[in-house]
1. Across segment 8-49, what is the number of residues that are within 16 Å of the ligand (Cβ to nearest atom) and surrounded by fewer than 20 Cβ atoms within 10 Å (Cβ to Cβ)?
2. Working only within segment 19-52, note down all residues that are among the aliphatic types (A, V, I, L, M) and within 13 Å of Gly116 (Cα to Cα).
3. Confirm whether Val128 is among the β-branched types (Val, Ile, Thr), without any contact (Cβ under 8 Å) to a residue 40 or more places away in the chain and under 25 Å from His152 (Cα atoms).
4. Any residue in segment 14-23 that is assigned to a helix (DSSP H, G or I) and free of Cβ contacts under 8 Å to residues at least 40 places away in the same chain?
5. Considering only segment 33-131, give the helices (runs of 4 or more DSSP H) lying wholly within it that have at least 1 residues that are under 26 Å from Ile163 (Cα atoms) and in contact with a Phe, Trp or Tyr (Cβ under 7 Å, 6 or more places away or on another chain).
6. Would you be able to tell me the number of residues in segment 115-155 that are among the hydrophobic types (A, V, I, L, M, F, W, C) and within 11 Å of the ligand (Cβ to nearest atom)?
7. Tally the residues that are among the basic types (Lys, Arg) and near the ligand (Cβ under 9 Å from one of its atoms), restricting the search to segment 50-81.
8. Within the set of pairs 6+ apart or on separate chains, which have a first residue in segment 83-101 that is closer than 23 Å to Leu133 by Cα, a second that is not basic (Lys, Arg), and C-beta atoms under 6 Å apart?
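The values are calculated or read from the model by the stated rules, or taken from the named source; none is laboratory data. Treat the numbers as computed from the prediction; the structure is a model and nothing was measured. Here Cβ is always computed from backbone atoms with ideal geometry, including for glycine, and neighbour counts include all displayed protein chains.
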Amino acid sequence: MDYKTHRIGGICTGIITVTTFAVSADPSEKIVFSAALILGSYIGSLIPDLDHPKSLIGRKFKVLSKGINKTFGHRGITHTPLFLIIYSILIMRLPNIFQGYVKTIVQYFSFGTIIGYISHLILDFITVGGIPLLYPISKRHFRIARFRSSSHKNIITGLCIVIALIIIATNK
Ligand SMILES: [Zn+2]
């Protein structure tokens, strides 16, 4: 799946999260925290493809990306629930180096990256390539649908947007 589809998926997931859960009662805080979460979700949606040196994020961290790709391959370790858990534990420690208001913003941002990460795995989970769901017990790739990243990306992008709009519209 290309990064444009994942990016839309990440942003939509972020928007759904901030509309579904009360972020803050204070209007100005609500905007800042929501923006931090959505930005996080956008960035998080790109992280799993760090294992692909030609991906948007892979090109930014070439050495790391090539290393992961050589060791685990594309849709390898970074596309597993296990790695998501490890990543979540680590990233939720990040806010601890900040204090006060900034700490809260970083908390929303960090949480956002986890949500974006999940959106990426779900989107890859519905494509033919699937993801190694049970890694390291099994390297087999599992999928729940057979969308093709290349030919169905417009359908998937559209679905993400429609689902987000429905949730926003029905959330009062
Ligand atoms: Zn991927």
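1. 1
2. Ala36, Leu37, Ile38, Leu39, Ile43, Leu46, Ile47
3. Details: among the β-branched types (Val, Ile, Thr): yes; without any contact (Cβ under 8 Å) to a residue 40 or more places away in the chain: yes; under 25 Å from His152 (Cα atoms): yes.
In short, yes.
4. Pass one, segment 14-23, residues assigned to a helix (DSSP H, G or I): 14-20.
Those left that are additionally free of Cβ contacts under 8 Å to residues at least 40 places away in the same chain: 18.
Yes: segment 14-23 contains one or more residues that are assigned to a helix (DSSP H, G or I) and free of Cβ contacts under 8 Å to residues at least 40 places away in the same chain.
5. Details: elements: 56-60, 62-72, 81-91, 100-125.
Correct list: 56-60, 81-91, 100-125.
6. Within segment 115-155, the first condition is being among the hydrophobic types (A, V, I, L, M, F, W, C), and the residues that meet it are 115, 118, 121-123, 125-126, 128, 131, 133-134, 137, 142, 144-145, 147, 155.
With the extra rule that they be within 11 Å of the ligand (Cβ to nearest atom), the set shrinks to 121-123, 125, 131.
Adding up the residues that qualify gives 5.
7. Pass one, segment 50-81, residues among the basic types (Lys, Arg): 54, 59-60, 62, 66, 70, 75.
Filter again for near the ligand (Cβ under 9 Å from one of its atoms), leaving 75.
Total satisfying the criteria: 1.
8. These pairs meet every condition: Phe83/Ile77; Leu84/Tyr117; Ser88/Ile114; Ile91/Ser110; Ile91/Thr113; Met92/Ser110.
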